[in-house]
1. Does V46 satisfy the condition of being in a helix (DSSP H, G or I), within 16 Å of the chain's Cα centre (by Cα) and either modelled with pLDDT of 70 or more or surrounded by 14 or more Cβ atoms within 10 Å (Cβ to Cβ) (or both)?
2. Anything in the stretch 113-136 that is loosely packed, with under 13 Cβ neighbours inside 10 Å and modelled with pLDDT of 80 or more? List them, or say none.
3. Please work out if S110 is more than 20 Å from the chain's Cα centre (by Cα), modelled with pLDDT under 70, of a type in the set (G, A, S) and not assigned by TED's automatic domain parsing to the domain that holds R145.
4. Restricting to the stretch 76-107, and then to whatever is hydroxyl-bearing (S, T, Y) and either in contact with a helix residue (DSSP H, G or I) (Cβ under 9 Å, 6 or more places away or on another chain) or at pLDDT 60 or above (or both), can you tell me which residue is farthest from A51 (Cα to Cα)?
5. How about the stretch 147-168: which of its residues are in a loop (DSSP other than H, G, I, E, B) and surrounded by 15 or more Cβ atoms within 10 Å (Cβ to Cβ)?
6. Return the pairs, sorted by first residue and then second, in which the second residue is assigned to a helix (DSSP H, G or I) and among the polar types (S, T, N, Q), the first residue lies in the stretch 73-87 and is free of Cβ contacts under 8 Å to residues at least 60 places away in the same chain, the beta carbons are less than 8 Å apart, and the residues are 6+ apart or on different chains.
7. Which of the residues belonging to the stretch 1-38 are modelled with pLDDT of 80 or more and either β-branched (V, I, T) or touching a Ser or Thr at 6+ places or on another chain (Cβ under 6 Å) (or both)?
Amino acid sequence: MSDITAALQAIDRQANAELDSAFATWYPELKKIAHSRLRGSGLNGVMQTTALVHDSYLKLATGPNLSFGDRLQFFSYASRALRSIVIDIVREQRALRRGGDADIVTLDTSAGDAMPASTDIETVNDALDDLDKIDTGLARLVEMRFFGGMTEAEIAEALGVSERTVGREWQKARTLLLTLIEP
C-alpha cells in the first residue's frame, strides 16, 4: 500500500470537518505563507506553493486528531506542518546520493553579485531544534513567526501574552539562535 493510499484511507476514517473548514477559510493565507517559506528556503523551482499547502493538509489530517480553537491555533499547527515538509524537502535535495551537497560553480565571477543571500533553512531548523531543548516556548514563537508567517500581534493573541512580551521573547530567541548557529 502506498503512502498516499494509506494517508487517504486515514483521512476517510477520521472526522476532519473542522480541518476542512479551517483550510477552506484560510487557504489564501496559507498559500501566502507557503510561498514565502518556499522562497526563503531556495525551493522555489522544486515544489509549488499549492503542493506545499496540500501536503500540509495531508500531514495535519493524518496526524493526531487536532482541535482548532481559533485561527491562530490553526496557523500554529499549520506552521509546524509546513516546517516539517520544507525541511524534509531541503534534506532530500541535499542528500549525498543525489549530489545535493555539490557546490555550484560558474565561470562568470560577477554572476553571484546580484543574488540575494538565502537563508539556510536546514541550519535554522537544526538551531530551532537545539533552542527547543533550551526553551520550548521560544522555539514555538520562532516557529510561528519564521515558518508560520505570523505577526507579533497574532503570536501574542495565540499565546495569551502582550505584544511587548512577544517582542522581548523574539529578541531573546534571535540572540540564542545566532549563538546556536555560529560554530
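1. no
2. D129, K133, I134, T136
3. Values: more than 20 Å from the chain's Cα centre (by Cα): yes; modelled with pLDDT under 70: yes; of a type in the set (G, A, S): yes; not assigned by TED's automatic domain parsing to the domain that holds R145: yes.
The answer is yes for S110.
4. We begin by selecting, within the stretch 76-107, every residue hydroxyl-bearing (S, T, Y); these are 76-77, 79, 84, 106.
Remaining after also requiring either in contact with a helix residue (DSSP H, G or I) (Cβ under 9 Å, 6 or more places away or on another chain) or at pLDDT 60 or above (or both): 76-77, 79, 84.
Working: S76: 19, Y77: 18, S79: 15, S84: 14 Å.
Looking at the filtered set, the residue picked out is S76.
5. Listed by number, the residues that qualify are G148, G149, M150, V161.
6. Filtered contacts from the stretch 73-87: A81/S56; I85/S56; I87/N125.
7. T25, K31, I33, A34, H35
The values are calculated or read from the model by the stated rules, or taken from the named source; none is laboratory data. Nothing here was measured: the structure is a model prediction, and the numbers come from that model. Glycine also receives a Cβ, built like all others from the backbone with ideal geometry; neighbour counts cover every protein chain displayed.
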